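Undergrad: Structure below; questions to follow.
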Amino acid sequence: MFPIRFIFPHLTSFKRQIVYVPKHKPPEQKDLEKLKDFLLRNEKILVLTGAGISTESGIPDYRSEEVGLYARSNHKPVQYQEFVKYPKVRQRYWARNFVGWPRFSKIEPNATHISIKNLQQIGKVTAVVTQNVDRLHHKAGSHNIIELHGTGYIVKCLKCPYEIDREDLQVELLKNNPDMKSTFSMIRPDGDVELTQEQVDKFRTPLCPKCEGPLKPDIVFFGDNVPKQRVEQVRHEVSSSDGIFVLGSSLTVYSSYRIILQAKEENKNIAILNIGPTRADDIVELKVSTKCGDILPELCNSVCT
């Protein structure tokens with residue numbers, strides 16, 4: 001492993017970091033040199049991040065072999081249309097989210113998030129597009145962040161313009177569900193946890209205080225579309241960049257893969273750093289398969305100093 005000279009605050013324990021990180025090979029010196037060359041050759045880099053960078057903070061991804069959510073359970077993410085149509089689906093979602101929120105909201109950024117922030121500070125990284133809803137880039141101190149799939153930290157009414165901070169909603173949920181308790185072993189990528197059916201049935205689902213409409217986190221659920229304005233914002237940042245640096249994403253979801261397609265069309269340089277295979281492996285110039293946190297801090301040091 002490469003030495004780390006930066007001081008990284010708020011790092012989670014090593015034990016928590018390794019729980020959800022897939023098996024991987026340590027980085028080789030040639031990997032560092034290739035990625036360093038990529039960073040030095042491109043003045044304005046857009047970073048695209050996925051769930052793979054948050055696994056080192058203790059949040060599982062969906063698809064990793066053996067350690068991803070799909071491999072560990074039969075849980076499937078809530079579908080947008082089901083959430084909108086069925087009160088029981090909303091009740092189950094909010095009950096699980098309520099119990100998981102205190103832990104989810106306290107998760108801290110890791111060395112990868114801090115390295116991205118450091119690369120932004122020297123002007124190398126101009127924008128961060130993230131598929132993650134955990135706000136760890138914000139906690140690390142990054143700026144110009146586009147949350148491609150929204151955030152779990154904001155909640156909106158589906159019928160009127162009302163919105164509320166998720167922390168404030170937690171206070172209201174606690175008032176309405178004072179006896180709600182759970183023990184759980186795994187938090188999910190969107191912050192919810194497993195509960196018994198009895199616990200779910202007793203949960204009082206939040207409603208909009210203005211119109212009594214259903215409340216939904218500002219997350220692009222499966223089956224929903226990324227807002228057009230956000231898509232255009234990302235397209236602009238891609239066009240304004242010299243290169244795209246993908247970190248911890250399999251690019252399986254089309255909303256992220258189309259960023260690579262646009263970059264290819266515009267002849268941008270593209271590098272991918274991800275443990276497993278990605279949807280774009282056969283169309284990019286550079287792919288390194290290792291853990292982001294094992295190489296990015298040293299890569300950051302070599303470019304920033």
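Undergrad: Are there any pairs with C-beta distances below 8 angstrom linking a residue in segment 114-130 that is charged (D, E, K, R) to a residue that is part of a strand (DSSP E or B) and modelled with pLDDT of 95 or more, with the two at least 6 apart or on different chains, and if so which?
TA: Between residues of segment 114-130 that are charged (D, E, K, R) and residues that are part of a strand (DSSP E or B) and modelled with pLDDT of 95 or more, the close pairs are Lys124/Ile45.
Undergrad: I need the full set of residues from segment 136-163 which are within 17 Å of Thr205 (Cβ to Cβ) and crowded, with 17+ Cβ neighbours inside 10 Å, in order please.
TA: Within segment 136-163, Gly152, Val155, Lys156, Cys157 qualify.
Undergrad: Name the one entry in Asn118, Asn97, Asn132 that is buried (at least 19 other Cβ atoms within 10 Å of the Cβ) and part of a loop (DSSP other than H, G, I, E, B).
TA: Asn132 is the lone residue from the list that is buried (at least 19 other Cβ atoms within 10 Å of the Cβ) and part of a loop (DSSP other than H, G, I, E, B).
Undergrad: Among the residues of segment 26-35, which ones are within 15 Å of Val303 (Cβ to Cβ) and either in a loop (DSSP other than H, G, I, E, B) or acidic (Asp, Glu) (or both)?
TA: The answer is Asp31, Glu33.
Undergrad: Next question, about the same structure. What's the total number of residues in segment 36-50 that are part of a strand (DSSP E or B) and under 13 Å from the mean Cα position of the chain (by Cα)?
TA: Number of matching residues: 3.
Undergrad: Can you pull out the residues in segment 277-288 that are surrounded by 18 or more Cβ atoms within 10 Å (Cβ to Cβ) and in contact with a Ser or Thr (Cβ under 6 Å, 6 or more places away or on another chain)?
TA: Thr278
Here's the yes/no breakdown for (1) of a type in the set (Gly, Ala, Ser); (2) under 30 Å from Arg96 (Cβ atoms); (3) surrounded by fewer than 17 Cβ atoms within 10 Å (Cβ to Cβ); (4) not assigned by TED's automatic domain parsing to the domain that holds Phe83:
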{"position": "Leu215", "(1), (2), (3), (4)": "no, yes, no, no"}
{"position": "His236", "(1), (2), (3), (4)": "no, no, yes, yes"}
{"position": "Asp242", "(1), (2), (3), (4)": "no, no, yes, yes"}
{"position": "Tyr254", "(1), (2), (3), (4)": "no, yes, yes, yes"}
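Undergrad: Moving to a separate point now. Output yes when any residue across segment 18-25 is of a type in the set (A, V, I, L, M), over 16 Å from Ile114 (Cα atoms), at pLDDT 95 or above and touching a helix residue (DSSP H, G or I) at 6+ places or on another chain (Cβ under 6 Å), and no when none is. Steps first, please.
TA: Here is the first cut: in segment 18-25, the ones of a type in the set (A, V, I, L, M) are 18-19, 21.
Pick out the ones that are also over 16 Å from Ile114 (Cα atoms) and you get 18-19, 21.
With at pLDDT 95 or above added as a condition, the list becomes none.
Looking through segment 18-25, none of the residues is of a type in the set (A, V, I, L, M), over 16 Å from Ile114 (Cα atoms), at pLDDT 95 or above and touching a helix residue (DSSP H, G or I) at 6+ places or on another chain (Cβ under 6 Å).
Undergrad: I'd like to know if segment 186-195 contains one or more residues that are touching a Lys or Arg at 6+ places or on another chain (Cβ under 6 Å) and free of Cβ contacts under 8 Å to residues at least 12 places away in the same chain.
TA: no
Undergrad: Of the numbered conditions (1) over 19 Å from the mean Cα position of the chain (by Cα); (2) under 30 Å from Gln91 (Cβ atoms); (3) part of a helix (DSSP H, G or I), Glu232 satisfies every one except a single condition; which is it?
TA: (2)
Undergrad: Next up: What number of residues within segment 105-149 satisfy the criterion of being over 20 Å from Pro297 (Cβ atoms) and hydroxyl-bearing (Ser, Thr, Tyr)?
TA: Residues meeting the conditions: 2.
Undergrad: Say we look at segment 256-276 and pick out the residues that are over 20 Å from Phe222 (Cβ atoms) and among the charged types (D, E, K, R); which of these is surrounded by the fewest Cβ atoms within 10 Å (Cβ to Cβ)?
TA: That would be Glu265.
Undergrad: Considering segment 37-46 alone, what residues qualify as being crowded, with 16+ Cβ neighbours inside 10 Å and within 18 Å of Asp294 (Cα to Cα)?
TA: Result: Phe38, Leu39.
Undergrad: For segment 237-256, which residues satisfy the criterion of being in a helix (DSSP H, G or I) and farther than 18 Å from Gly150 by Cα?
TA: Val238, Ser239, Ser240
Undergrad: Would it be correct to say that Lys210 is more than 21 Å from Ala127 (Cβ to Cβ), part of a strand (DSSP E or B) and modelled with pLDDT of 95 or more?
TA: Answer is no for this residue.
Undergrad: May I pose another question? I need the full set of residues from segment 135-145 which are in a loop (DSSP other than H, G, I, E, B), out of contact with any helix residue (DSSP H, G or I) (no Cβ under 7 Å at 6 or more places or on another chain) and not charged (D, E, K, R), in order please.
TA: Asn144 - this is the single residue of segment 135-145 that is in a loop (DSSP other than H, G, I, E, B), out of contact with any helix residue (DSSP H, G or I) (no Cβ under 7 Å at 6 or more places or on another chain) and not charged (D, E, K, R).
Undergrad: Let me ask something else. Can Met180 be described as of a type in the set (A, V, I, L, M), assigned by TED's automatic domain parsing to the domain that holds Pro214, out of contact with any Gly (no Cβ under 6 Å at 6 or more places or on another chain) and modelled with pLDDT under 70?
TA: Numbers: of a type in the set (A, V, I, L, M): yes; assigned by TED's automatic domain parsing to the domain that holds Pro214: yes; out of contact with any Gly (no Cβ under 6 Å at 6 or more places or on another chain): yes; modelled with pLDDT under 70: no.
So Met180 fails the test.
Undergrad: If I go through segment 202-237 residue by residue, how many of them are more than 30 Å from Ile260 (Cα to Cα) and touching a residue at least 12 places away in the same chain (Cβ under 8 Å)?
TA: Count: 12.
The values are calculated or read from the model by the stated rules, or taken from the named source; none is laboratory data. Note that this is a predicted model, so its numbers are computed, not measured. Cβ coordinates were reconstructed from backbone atoms using ideal geometry, including for glycine residues, and neighbour counts include every protein chain displayed.
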